[in-house]
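The values are calculated or read from the model by the stated rules, or taken from the named source; none is laboratory data. Nothing here was measured: the structure is a model prediction, and the numbers come from that model. Note that each Cβ is placed from the backbone with ideal geometry, even for glycine, and that neighbours are counted across all protein chains shown. What goes into the accessible areas is simple: the full protein's heavy atoms, side chains included, and nothing from ligands, DNA or RNA. Shrake-Rupley method; radii C 1.70, N 1.55, O 1.52, S 1.80 Å.
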Amino acid sequence: MSAEPSVTDRVTSLVRALRAHGIRIGTGESVDAAQAVAALGLDSRDHLREGLASALLHDHGQRAVFDPVFDVYFPRAVGAPGATAGDRDSLRERLTEALATNDRAAIARLAAEALDALGGYDANGWSSQQTLNRLRPQTLLAPAMSAIRAGGSGQSGAFTDRIEADEVRRRIEEFREGVRGEARRRVAEARNRDELARRMPVQTPDRTVFLYADKAQLAELRRTVHPLARKLATRLAARRRRAARGRIDLRRTLRGSLSTGGVPMRPVLRKRRPSRPELVLLCDVSGSVAGFANFTMLLVQALHDQFSKIRVFAFVNRIDEVTDLIAHGAADADGLGARISSEATLTGWHGSSDYGTALGEFVERYESAVGPRSTVFVLGDARNNQQSPNLPALRRVARAARRTYWLNPEPRSQWDTGDSAAATYAEVVPMHECRNARQLSALVGRLLPV
C-alpha cells in the first residue's frame, strides 16, 4: 500500500483539480494557500477548509466546486465507519424519523450506514446510485410528513403542509448528497484520488436543482441569467438564419429544369420570412416551484429581443398577468417574487395550488393572449392537490397556440406520486423534465420555433 501523500502534495493536487474544473488559480493564490495551511495547521478541518477557500477562490459561487474536491483530499474520516449494516426496512424507519425531526447528525450517519448495507459491490467499491435505488429515500416524503403531524402541535393546513413538504424534500436531497459524498470519500481512499477529483461531477450554478436551492444558491443562479441569455440568443439567431434559406420548391424546380432537359441543375427554394415568435408563460409560483418560475421569467425577460411579444401569467389557484412586473428594467432579481405576491391576485379562498381552476380562469379571461403564432410554456410541478385537472381548458389553450409545452421541475421518477397529475396533463401537451438551468437552456433552445 502506497504512503499517504503529504499535506503539501494534497494542497498541490487540490489546486490542480480545481483548475481542471475551470477555476483560475495563479501562483499567488497557490502561495497564499500554502501560507494558510502553515498558519491554521491541521487541528480544525473546518478552519482549514475556510482558509483554503479564502486563498484560492474568487467568489462564493465557486464553493459548489471547491467543497466536494476539498473532501476528496481532506476527508472527514478515514476508512468505513464500522457501523453494522442494518436491513433496508430498519434503515428506512430510522431515516424517516431523522427526516421528520431534522436530525442532521443522524442523516449523515445513516448515509454512511446505507452505503455499508446497500452500496458495496466489490472489495473496494461502493455505489451511491445502487444505494439510493435500493433504499428509495424519495418515497419517504409521506411517512415523514405523517410523523411530523403526529408529533406536532396539531396545526395543519394546505399551505403549512406544502411548506413542510418542501422542507422534507430538501432534507431528502441532503441525505442523497451525503450518500454520494461518502461514496466519493471511500473510492478516493481505495483508488486514484487525483483522477477521481478531476472527473467527479461538481455542482456548478447551472446544475443547481431549482426545487432544493436555498436563498444563496438562487441568488448565485440569478447572476447567470444574462450570460445564459446571451448564449441562447446567439443559438436562436443562428437557427433563424438557417431557417431563412427555406426548403426546396419542387414545382418551380421542375419547371426550371425544362431548359436543361429535365435535369434540376438549379434548385429553387421557397423563400421564408422568418418571424420572431410570440411567447406566453403560465407560471406556478407556489412553494419551492417559485424559484424555478422566477428564474425562467427573468431569463425570458433577458431574451425579450428574440420575441415579437411576451406575455407572462402567474398563478397559485387564481391567475393574473404579471408581464409589466418583469418588463425590461422594471423588476430586480431579488424583489421579483415579492412584487408578484404583493401586486398580483394569485389565490382565492385557499393557498394551495389548483391548476384546474387557474387554467379555467386563464381561458375565461385571457384566451385572446394565445394565437396561431404563440408558443405556450406551462411551468409547474403539476401537483394539483387532488383537484380537478380541467383538461378541457388546457386543450383549448393547446388548440389555439402554435405549440404548447409543459416544463416540470420535479424529477421524472416523482411524477404521478402523491397529488401529482403529471401523466394526466402529459396526455394533452408534451411534458419535459426541467430541474436546473442547464436543462432549461437546452429545452428553450430546442423547443422554441424560429
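Structure notes:
- Residue-count net charge about Tyr405 - beta-carbon cut-off 13 Å; Lys, Arg +1, Asp, Glu -1: +2
- The packing ranking of peptides 285-295, 40-50, highest mean first, is 285-295, 40-50, where packing means the average number of other beta carbon atoms within 10 angstrom of each residue.
- For segment 1-54, the relative contact order comes to 25 percent (Cα pairs under 8 Å, sequence separation of at least 6).
- Exposure ranking of Ser352, Ser308 by accessible area [1.4 Å probe, largest first]: Ser308, Ser352
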